[in-house]
Amino acid sequence: MLQVLFNSLVYASMIAVIAVGVSLCYSILRFANFAHIQFAVVGGYLTYSFAAIPGLPLPAAMALSAVATGLIAVLVDFLVFSRLRDITPEGKMIVSWGVALFIRSVVAIVYGGGGRSFDLSYEVVLVGDAVFTTLDALVVAVAAVLMLLLHLFLNFTRVGSGLRALASNADLAVTRGIPGDRLVRLMWFLSGALAATGGTLLALETRLQPNMDLIILLPVFAAVTIGGLSSVFGAVIGALVLSLAQNLLIYIDFGALLGGESWQVPTQFRDYVAVLALVVVLLLRPRLSPLVGR
Amino acid sequence: MKNFLSLAFCSALALAAVQGPALAADPIEIGVIANLTGSAVKTSVQMTRGVELAADAINAAGGIDGRPVKLIVEDSENRAQEALNAANKLYNVDKVPAAIMFGGSGLMIPVAELAKEKGRVLVNTSSSSPKLGNYPGTLFSILPLDDIVGKELGLLIADSGAKTAAIVVPNSTFGLGVADAAAAAFEAKGGKIVKKVAFTEGQPDYRADIQPVVPVKPDVIITAGYGDDSRAMLKAGRELGLTAKWYAAYPSILEIENKDFLNGKLFGVDNGGYAQAAGKAVADKYGAKFNGTADLMAHVYYGYDALMVIAAAIRKAGSAEPAAIAKALPEVVSSYDGATGKIVWDARGQRISPPIDVIEYKAGDFATTATRN
């Protein structure tokens, strides 16, 4: 069971760092941004490229990738979404699909179809029968630090308060002198940078591959839906709950439980937990309330 | 001017007289279906080069009964539908009596169905699914099927003294074919399979899949795979702290993720026989035609042997009709000693008792430590 907790924590860490960006965007611009997933993919690939520069350590490559992806997110807003502020959320959501497909194609052109992996060395740590690696510990630590910093930023800085005010009531906030456009650009930058870091953590743990976006799409949106679309804190909780449910499902030996031969749910079915979570939450919580800004 | 025209006319006549016999001989057209633009192109190109080398050798020696061999190469794009389109074109439009194909069983089986329906010959150089044995008289394999290689793998594991084994393979015809044959051979020798993991390919990480192997602590892990998925599988094994030895079918097609993790811990069986004189001669031809042998892969030998046995069958039958080729193929193969060693077919035209190399991964490279059969 300890193993389930380890696995859940690692997976939730990667998903949460990506998911908070979806929540940030939804809370301020009120639409589900599917292009956000591509920022994670772009971030992973950019870190891979930066890490190939001789003498550049991985943390520096990650930081560069986060900044570059943040700027790409700002550019996407400038070119596309800033011109569509007044259309319906559904319209923006559909446009975000288009943007996602465009970015996907660009990534495919630049990096091609093959998978890529980071060449890392790390230790395996045994705790009883449970196993984790020093890389796992690092991923969880990076995610925890980022979430803590984001929390402090949103709640204890003047700019963070401005963002929360925008999320709570954009018109009123702007009337009261809060620079709405600048803060929206900041939100895009933060979302892009966080997605890039989450994508990099995922790539470090697994591998970069062209269909990485489809692999993370479902868990990320399930996590933010479970936690409340516009809640940054909720996205983290959502990621943890989802990850725990997914890992429990594939861990339990249902065959032995029923007194027969050992049988576990094949791991590819863990994504159906995300689908189930989405359905249940959407059925039970038709009205989602924003927590940010409260 | 008149003199010049006369001279030119006479020269043309003389040239035609010199080239006459060669032009008069109708070429024998043989089809080649390979993945030339899809994913994992390199292996297909290697096989095609092997076929080209064989065609060069046949034509340099005067062709088949004076008729040159002409290859018609079609692209499968590594997709079943495109492979079928290619086969349709070759069998229906070009009307080739036989085609040589490189592709997985997902492509090979539909094309075999078509070849059977059309009454043509298909020579398999790459696929190893035991289901390919269902097309006797149509499909002939230069590559031994997975049940043969899997059995050899199981026997090798039993010989190593291992008592327990876990299976970790992709949930594919290839993975399960190898696993089942290896497990049967291992268990027949008293071994015990303590866990079986068949993971779905294409996922980014297989740690959760392989996790159940950790507590059962097997002596060895039976595996098979290739490409990115094999890399992710081995990575998961390392991250889970597995200390068991890995035994793989065709270990050299695994993508090694971490040399230190597998040095002295990865063993397996692979098709062999290339080190003999016939194989070396093909390697020399390859080096001369394609600027060295640095990129030469075993697939060259399979392509080479495929066309050579077809040519021998046409020669023996005295006809390039598909039925005559299909009938003559098993007869000529019994005395053919090729680039992939001696070819022995069962009644279905599937290769048995192939030369098997025992492989060990050490010092960051694959080394052949013994040869079986």
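The values are calculated or read from the model by the stated rules, or taken from the named source; none is laboratory data. Since we're looking at a predicted model, the values are computed, not measured. Heads up, the Cβs are rebuilt from the backbone with ideal geometry, glycines too, and the neighbour counts pull from every protein chain shown.
Of note:
- Neighbours by Cβ (under 9 Å, 6+ apart or cross-chain): first from the stretch B:203-222, on the phi > 0 side of the Ramachandran plot and hydroxyl-bearing (Ser, Thr, Tyr); second in a loop (DSSP other than H, G, I, E, B) and surrounded by 19 or more Cβ atoms within 10 Å (Cβ to Cβ): none
- Residue that is farthest from residue B:238 (Cα to Cα) [pool: residues in the stretch B:249-305 that are hydroxyl-bearing (Ser, Thr, Tyr) and touching a strand residue (DSSP E or B) at 6+ places or on another chain (Cβ under 6 Å)]: B:250
- Helices (runs of 4 or more DSSP H) lying entirely in the stretch A:185-294 (those with 3 or more residues that are within 12 Å of chain B (Cβ to nearest Cβ)): A:212-227, A:232-251
- Any hit, the stretch B:270-284, residues being modelled with pLDDT of 95 or more, surrounded by 22 or more Cβ atoms within 10 Å (Cβ to Cβ) and either assigned by TED's automatic domain parsing to the domain that holds residue B:41 or within 17 Å of the chain's Cα centre (by Cα) (or both): yes
- When residues of the stretch A:107-137 are limited to those that are surrounded by 12 or more Cβ atoms within 10 Å (Cβ to Cβ) and away from every other protein chain (no Cβ under 13 Å), the one farthest from the chain's Cα centre (by Cα): A:111
- Test: residue in the stretch B:83-92 that is in a loop (DSSP other than H, G, I, E, B) and more than 14 Å from chain A (Cβ to nearest Cβ): no
- Residue match in the stretch A:93-100 (condition: more than 14 Å from chain B (Cβ to nearest Cβ) and within 30 Å of residue B:41 (Cβ to Cβ)): yes
- Residue within the stretch A:175-182 that is surrounded by fewer than 24 Cβ atoms within 10 Å (Cβ to Cβ), in contact with a helix residue (DSSP H, G or I) (Cβ under 8 Å, 6 or more places away or on another chain), charged (D, E, K, R) and outside any helix (DSSP H, G or I) present: yes
- The stretch B:225-254 - residue that is surrounded by fewer than 24 Cβ atoms within 10 Å (Cβ to Cβ) and among the aromatic types (Phe, Trp, Tyr) and, of those, nearest to the other protein chains (Cβ to nearest Cβ): B:226
- Just one of the numbered conditions (1) modelled with pLDDT of 95 or more; (2) within 14 Å of chain B (Cβ to nearest Cβ) is not true of residue A:35: (2).
- Any hit, the stretch A:146-156, residues being surrounded by fewer than 18 Cβ atoms within 10 Å (Cβ to Cβ), closer than 30 Å to residue B:242 by Cβ and either more than 10 Å from every other protein chain (Cβ to nearest Cβ) or not hydrophobic (A, V, I, L, M, F, W, C) (or both): no
- Screening the candidates B:182, B:188 for the property of being away from chain A (no Cβ under 14 Å) and surrounded by fewer than 23 Cβ atoms within 10 Å (Cβ to Cβ) yields one hit, B:188.
- Residues of the stretch B:203-220 that turn out to be in contact with a helix residue (DSSP H, G or I) (Cβ under 7 Å, 6 or more places away or on another chain) and more than 7 Å from every other protein chain (Cβ to nearest Cβ), as a count: 4
- Residue check, residue B:3 outside the structural domain of residue B:77 (by TED's automatic domain parsing), surrounded by fewer than 21 Cβ atoms within 10 Å (Cβ to Cβ) and modelled with pLDDT of 50 or more: yes
- Just one residue in the set B:154, B:133, B:175, B:106 is farther than 25 Å from residue B:227 by Cβ and either more than 14 Å from chain A (Cβ to nearest Cβ) or part of a helix (DSSP H, G or I) (or both); that residue is B:133.
Condition check ((1) surrounded by 21 or more Cβ atoms within 10 Å (Cβ to Cβ); (2) assigned by TED's automatic domain parsing to the domain that holds residue B:230) across all residues:
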{"residue": "B:107", "(1), (2)": "yes, no"}
{"residue": "B:111", "(1), (2)": "yes, no"}
{"residue": "B:116", "(1), (2)": "no, no"}
{"residue": "B:125", "(1), (2)": "yes, no"}
{"residue": "B:128", "(1), (2)": "yes, no"}
{"residue": "B:157", "(1), (2)": "yes, yes"}
{"residue": "B:169", "(1), (2)": "yes, yes"}
